[in-house]
Structure formats: structure tokens, C-alpha cells
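Working notes for the structure below.
The values are calculated or read from the model by the stated rules, or taken from the named source; none is laboratory data. All values reported here derive from a predicted model rather than from experimental measurement. Ideal geometry is used to build each Cβ from the backbone, glycine not excepted, and the neighbour counts take in all protein chains shown. Accessible surface areas use protein heavy atoms only, side chains included; no ligands, DNA or RNA. Shrake-Rupley method; radii C 1.70, N 1.55, O 1.52, S 1.80 Å.
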Amino acid sequence: MPSKPTLLVTRKLPEAVEARASRDYKARLNVADEPLDGDGILRAAAGADAVLCTTTDRLDAATIAKLPNSVRILATFSVGFEHIDLKAARARGIVVTNTPDVLTDATADIAMLLMLGAARRASEGERLIRSDGWTGWAPTHMLGSHLGGKRLGILGMGRIGRAVAQRARAFGMVVHYHNRQRLALEDEQGAIFHETPESLLPSSDILSIHCPLTQETRHFVDKRRIELLPLGAIVVNTARGGLIDEDALADALDSGHLRGTALDVYVGEFEHPPPARLWSNPRVLITPHTSSISDADRHGSIDLFCENLRAYLAGRELRNVIDWARGY
């Protein structure tokens with residue numbers, strides 16, 4: 001029988017997922033779940049055919065250039081891929097894949113949770129209870145805002161953006177969006193297209209961000225664009241922290257221009273806590289990158305990866321190959 005391909009798994013995964021990987025491959029598992037730096041990945045990848053990495057692994061140009069010649073495919077256990085230098089991988093002839101489809105519903109659910117939490121001041125209320133500061137109900141206490149009738153601006157109308165729009169309609173929200181290309185009429189389902197972000201933002205009582213992090217989109221939501229949002233707007237981010245200028249965001253909260261913000265991601269989330277100006281503000285709701293944390297998503301991701309790896313080794317067409325030139 002042909003030998004099984006050798007698979008490096010850079011982080012500890014759920015037990016059933018690791019069992020699946022060990023069944024189908026010669027799996028090198030990170031049992032201690034110790035994050036690997038570039039040198040650690042290079043050592044662990046010796047003789048490997050494939051690497052299953054995560055967003056905490058920095059596969060920059062220098063690391064990819066030194067990967068063993070045996071490595072033919074990099075699969076990231078995520079939708080985002082900014083931690084991988086795509087041009088360096090292409091130069092080495094290494095295929096890069098991600099797992100977008102299986103995370104769509106989970107991320108859209110968290111986006112709605114954050115919208116509701118920010119609009120109804122859930123973070124403030126939770127802090128009040130935990131600090132034993134609640135003295136009882138009052139008619140004017142912690143007045144929140146309904147989602148119904150609000151204008152939801154979606155920045156990036158891909159799979160996740162469309163799933164958020166579907167959920168938002170059920171809450172009676174009016175959906176506006178900006179995308180690089182306008183959706184087909186049947187996919188819009190009544191959503192209002194804006195050719196530029198600058199047109200979208202003034203029509204966004206709540207802005208939900210769903211675009212990839214690239215050199216072009218880093219700090220895309222900056223001081224100038226935040227000021228285009230209506231007074232009392234809410235910003236929600238379940239994509240990548242680097243899409244927002246966090247100093248500008250904190251300034252807008254302090255000035256009262258923004259009613260609140262809800263973040264599942266922030267800059268440097270894998271290295272340090274969120275900036276004090278954000279986590280100490282009661283009008284900021286922060287969750288620890290929970291959008292893809294569910295059993296179904298973990299199993300779905302490994303299923304998609306295994307499908308891609310089998311297809312690649314058999315010379316068949318792959319799903320979810322990242323286009324290095326377009327970025328996605």
C-alpha cells in the first residue's frame with residue numbers, strides 16, 4: 001500500500017479532529033499546543049508533505065523560502081490568510097488554501113450577537129452586575145436601541161456579508177452594502193448597493209465589517225471614514241483587527257460620535273490584551289475571536305482541508321485555492 005502523506009499540524013485541535021488527521025495521514029501533532037515561531041515550523045516541517053496552520057502562525061517570505069522541498073500545500077485553518085505570504089508561496093510552487101465556507105454561519109451569528117450586544121448595551125449591563133453596582137430597575141436606566149428599522153452598512157458582501165444581511169432582514173433592518181463588485185439582483189435581495197465606502201458610511205447606523213485584511217485595507221476604517229458615519233453609529237468587526245485604526249475608534253467613542261463598538265478581533269490579539277482605551281470603555285463589547293469556535297466549524301474545516309489535500313495529491317481540482325494575485 002502507498003505510504004500516507006506526512007501532515008504537520010501546527011496547533012492542538014479538538015480530539016476528534018486530531019484522531020481524523022492521524023487516521024488519514026502521518027500526523028505530527030502539537031500536543032502541548034505551544035505556538036511555533038518560524039524556526040519551530042521549519043524544524044517540524046522537515047519531510048512533511050503538507051502543513052495545516054492557523055492564524056497564529058507567521059508564514060512570512062523568509063520562512064516560506066526555507067520550507068523543505070517536500071512541502072507542497074499550506075492549508076490555513078481560517079478564512080483569513082494575511083499570516084501567509086502568498087507571493088512567496090507561489091514562488092515556491094506551494095498551493096495555499098483556506099476554509100471559508102464552513103465558517104460563514106458561525107461568523108454571521110457572532111456578528112448579530114455583537115450588534116445586539118452593542119445596541120442594547122450588554123457589556124455595560126454585564127459589568128454593572130459583576131461589580132455589584134446595579135441598584136435596581138428604573139424606567140430610564142440603560143436605554144438601548146432596537147435593531148428594527150436601523151440601516152445596516154455591510155463593508156464586504158461576500159459569503160459572510162450575505163449571511164449577515166439575511167439575518168439582519170429578520171430583525172427588520174434595512175441593508176446597505178459596498179463591495180468591489182455589485183451582486184446579482186437575486187443575491188442582493190433588496191440590499192442597496194453603494195459604489196464607494198464613502199457613500200455607504202453615511203447610510204450606516206450600524207457598520208459591520210466583512211472584508212479581508214490586505215495592504216490596501218489596513219486601517220481602512222480610519223478617522224476620516226469614521227467621521228462619515230452618522231452620529232450615534234455602532235461599529236462591529238468580526239473580520240480582522242487591522243482593518244480599523246483603533247486610536248481613531250477610541251477617539252470617536254470618547255467624543256460621543258459613536259454610540260458603541262463591538263469587536264471579535266483587534267490588533268495584536270494573539271500577542272497581548274486589547275488596548276486599555278477600548279477594554280476599559282463600558283461601551284465597548286469585546287469577545288475573544290469566537291466567530292469560528294464551534295464543534296461543527298472545527299470538524300467542517302478539517303473535512304474541507306482533507307478533501308483539498310486528497311484532491312491535490314491525486315492531481316484533481318481543489319476547492320478554495322487562494323488566488324495570490326487578487327488576494328482572495
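Table for the structure above
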item	result
Accessible area, probe 1.4 Å, largest first, for residues Arg316, Arg121	Arg316, Arg121
3J(HN,Hα) from dihedral phi, the range 45-51, Karplus parametrisation 6.51/-1.76/1.60, rounded to Hz, x for glycine, proline	8, 4, x, 7, 8, 8, 10
Gyration tensor (alpha-carbon) shape descriptor, the range 200-309, a/c threshold 1.5	prolate
Rounded if a/c under 1.5, otherwise prolate or oblate - the range 1-82, Cα gyration tensor axes	oblate
Dipole of the chain, positive end: most advanced residue of Ser280, Pro197, Pro14 [Cβ charges, Cα centre]	Pro14
Bins of 10 Å, starting at 0 and running to the largest distance - Cα pair percent for the range 73-173	13, 29, 24, 20, 11, 4, 1
Portion, in percent, of the accessible area of the range 199-268 that falls on carbon or sulfur, probe 1.4 Å	51 percent
Bins of 10 Å, starting at 0 and running to the largest distance - Cα pair percent for the range 135-204	21, 45, 18, 11, 5, 0
Whole-percent carbon and sulfur share, accessible surface of the range 84-144, 1.4 Å	54 percent
Under Karplus coefficients 6.51, -1.76 and 1.60, residue-wise ³J(HN,Hα) of the range 31-42 in Hz, glycine/proline x	4, 7, 6, 8, x, 9, 7, x, 5, x, 5, 4
Residue-normalised accessible area of the chain, given per residue in Å² at a 1.4 Å probe	48 Å²
Built amide H within the under 5 Å cut-off of Arg28, gap 5+	Leu7, Leu8, Val9
Radius, Kirkwood style, for the chain when every pair of distinct Cα atoms is counted (Å)	21.2 Å
Heavy-atom SASA rank of Glu198, Glu124 (probe 1.4 Å, accessible area, largest first)	Glu198, Glu124
Vicinal HN-Hα couplings computed from phi for the range 194-203 (Karplus, 6.51 cos²θ - 1.76 cosθ + 1.60; Hz; Gly/Pro x)	10, 5, 10, x, 5, 7, 5, 4, x, 9
